[in-house]
Amino acid sequence: MHDTELPVATADDPCRIILTSGSTGYPKAILRANRHVLTRVYRLQTAYGNRFPDCSRIFMDVGLSTGIGLTFFIYVLSRGGTLFMRGDRSTDTLEALSAHSVQAMVASPQSLAQMAELYDQNPSLGRSFDAIVSTGSFLTPALSERIRSRLGAHVVSSYGSTEAGVAASGPATALAKVQGAVGYIAPGVTVEIVNDADEKLRVGREGRLRIRSDCVVDGYIGDPEATQRHFRDGCFYPGDMGVITPNGMLVILGREQTLINLGGDKVHPERVESVMTSFAAVRDAAAFAAATATGVQILGSAVVWRGEADESGLREHLSRTLPPGFLPKFFLGVSTIPRTPNGKIDRVGLKGLVARESGSRREPQEPAATAEV
């Protein structure tokens with residue numbers, strides 16, 4: 001056997017190529033160097049409060065191919081912990097979580113809602129987790145309350161990206177009091193709100209987000225146009241619109257790419273979806289722009305009903321919270337809302353779903369739903 005000198009890895013050496021979710025277009029690839037991965041793993045010690053670091057047996061319902069999945073995988077194993085993932089059958093998963101006294105759960109809001117329902121169906125296997133981390137998409141106040149009452153009281157919601165890691169997090173009880181709140185800005189991270197000229201706005205002003213931290217990657221592989229659009233001066237521009245409150249809470253208003261213009265009314269579909277899913281009869285929902293037969297743009301919504309549809313009740317619920325321009329003109333009942341592995345609404349897949357479902361179910365009085373998501 002010959003002695004072989006192994007190369008020494010450096011902080012800037014490549015670790016892994018990861019695809020972004022592609023929720024509003026096509027997936028883009030980023031290269032995470034060793035320093036990016038290690039920094040993100042280290043920051044998990046503080047990003048989700050003081051209970052999560054004490055947990056060594058963690059159930060993760062997020063794919064290992066995602067950025068957050070890779071980070072949690074390395075984090076758990078580096079601490080000598082045990083990582084659990086969903087099995088082939090739901091009952092097998094619940095039994096394993098109970099038998100091994102799993103302490104924490106990491107999942108998207110949609111996965112957490114599914115787990116709550118599974119425990120409702122299997123009450124003998126129910127348990128209360130010490131810490132629950134919601135990641136990947138917005139956790140609505142209604143879903144937050146349900147998760148806390150069914151899965152565990154200590155729920156932390158987070159906001160982040162494949163490109164820049166966790167930017168904000170906070171206890172669900174505090175965030176539920178502010179519409180669109182996603183967390184308090186994380187230590188070591190700078191989040192700023194800027195205008196179209198990239199000028200920093202004062203606290204309380206609405207604008208575009210930009211994020212600066214040691215976790216921000218250098219750009220997208222083989223896509224200089226997207227890199228120039230989202231990475232400038234060491235900052236990542238996620239394409240989200242938001243505002244920072246005086247106490248450091250980050251509030252997301254919606255995404256630039258998903259903003260719907262209805263004859264002058266600018267509608268953030270995320271805001272509509274948040275209010276819709278707070279209605280008890282709605283399991284999931286997604287808002288979109290549609291064109292009538294005469295070409296007029298209107299707002300519609302795909303709805304997954306929790307049992308029997310209640311359109312009149314939903315309309316009344318929406319009218320109490322949203323301005324008239326934000327009220328959907330029609331509801332399209334569907335069996336599921338397409339989502340990415342991170343739990344975000346797949347807007348491209350939603351467009352195809354709306355076209356198929358509206359074509360097969362349209363009644364004479366219903367507007368032609370040509371989706372413009």
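Computed from label points 7 Å out along Cα-Cβ, the spacing between residue 355 and residue 194 is 3.6 nm. To the nearest µm²/s, what D does Stokes-Einstein give for the stretch 260-371 at 25 °C and 0.890 mPa s, using the Kirkwood radius over alpha carbon pairs as Rh? This corresponds to a translational diffusion coefficient of 174 µm²/s. Here the average projected area of the convex hull drawn through the C-alpha atoms of the stretch 1-104 stands at 10.5 nm². Between residue 12 and residue 306, the modelled label-to-label distance comes to 5.2 nm, taking each label 7 Å out from Cα in the direction of the beta carbon. Put a plus charge on the Cβ of each Lys and Arg, a minus charge on the Cβ of each Asp and Glu, and nothing anywhere else: the dipole of the chain about its Cα centre is then about 520 debye. For residue 28, list the lysines whose Cα falls under 16 Å from its own Cα; do not include residues on the same chain fewer than 8 positions away. Within the straight-line cut-off, residue 28 pairs with 344. Largest GNM mean-square fluctuation across 281, 11, 33, computed for the chain with C-alpha springs under 10 Å, falls on 11. GNM on the chain, alpha-carbon springs under 10 angstrom: the most fluctuating residue among 56, 134, 124 is 124. Projected label points at residue 226 and residue 88, each 7 Å from Cα along the beta carbon direction, are separated by 3.5 nanometres.
Considering only 152, 136, 183, the mean-square fluctuation computed in a Gaussian network model of the chain, springs between alpha carbons under 10 angstrom, is largest for 152.
In the chain, a dipole from Cβ-located charges (positive for Lys and Arg, negative for Asp and Glu) runs towards its positive end, and of 228, 72, 174 it is 174 whose Cα lies farthest in that direction.
Please list, by residue number, every one of the GluC sites (Glu not before Pro) in the stretch 289-320 that is coil in DSSP and has at most 15 other beta-carbon atoms within 10 Å.
Here the sparse-neighbourhood loop sites are 308.
Here residue 120 and residue 348 are evaluated by their C-beta separation; at R0 = 35 Å the FRET efficiency comes out at 0.60. Comparing Cα centroids, the stretch 125-181 and the stretch 273-322 end up 23 angstrom apart. Simple point charges give the picture: +1 on the Cβ of Lys and Arg, -1 on the Cβ of Asp and Glu, and for the stretch 192-234 a dipole about the Cα centre of about 220 debye.
Under 18 Å of direct C-alpha separation, and excluding same-chain neighbours fewer than eight residues apart, residue 177 reaches these aspartates and glutamates: 145, 270, 273. Subtracting the Cα-Cα distance of residue 297 and residue 145 from their residue separation scaled by 0.36 nm leaves 51.2 nm.
When a/c is below 1.5 the answer is rounded, else prolate if a/b is larger than b/c, else oblate, so apply that to the stretch 265-312 with a ≥ b ≥ c taken from the square roots of the Cα gyration tensor eigenvalues. Walk me through the numbers before you get to the answer.
Details: a/c = 3.06, a/b = 1.65, b/c = 1.85.
Oblate.
Of the GluC sites (Glu not before Pro) found in the stretch 175-222, those that fall in a DSSP loop while having at most 10 other beta-carbon atoms within 10 Å are 199. Only helices enter this figure: runs of n ≥ 4 DSSP H residues, each worth -39500 (n - 2.57), summed and divided by the residues of the chain, yield -8000 deg cm²/dmol at 222 nm to the nearest 500. The loop-placed GluC sites (Glu not before Pro) in the stretch 231-295, going by DSSP, that have at most 15 neighbouring Cβ atoms within 10 Å of their Cβ come out as 256.
For the chain, excluding the exposed loop sites themselves (trypsin sites (Lys or Arg not before Pro), DSSP loop, at most 12 other Cβ atoms within 10 Å), the longest remaining stretch covers 206-319. Ordered by the count of other Cβ atoms within 10 Å of each Cβ, fewest first, 161, 65 give 65, 161. Mind running the shape call on the stretch 81-218? Use the C-alpha gyration tensor, a ≥ b ≥ c as the square roots of the eigenvalues: rounded below 1.5 for a/c, prolate if a/b tops b/c, oblate otherwise. Note, shape of the stretch 81-218 comes out prolate.
Each residue in 143, 125 was given a count of other beta-carbon atoms within 10 angstrom of its own, and listing them fewest first yields 125, 143. Look at the dipole of the chain built from charges on Cβ: of 216, 45, 281, the Cα furthest out on the positive end belongs to 281.
Taken over the alpha carbons of the stretch 298-361 as equal point scatterers, the Debye sum produces base-10 log I(q)/I(0) values at 0.26, 0.30 Å⁻¹ of -1.20, -1.26. For the pair residue 173 and residue 35, a Förster radius of 30 Å applied to the C-beta separation gives a FRET efficiency near 0.30, rounded to the nearest 0.05.
FYI, it's all coordinate maths here, none of it is from the lab. Computed from a predicted model, the values in this text were never measured in an experiment. Glycine gets a Cβ as well: all are built from the backbone with ideal geometry, and neighbour counts include every protein chain shown.
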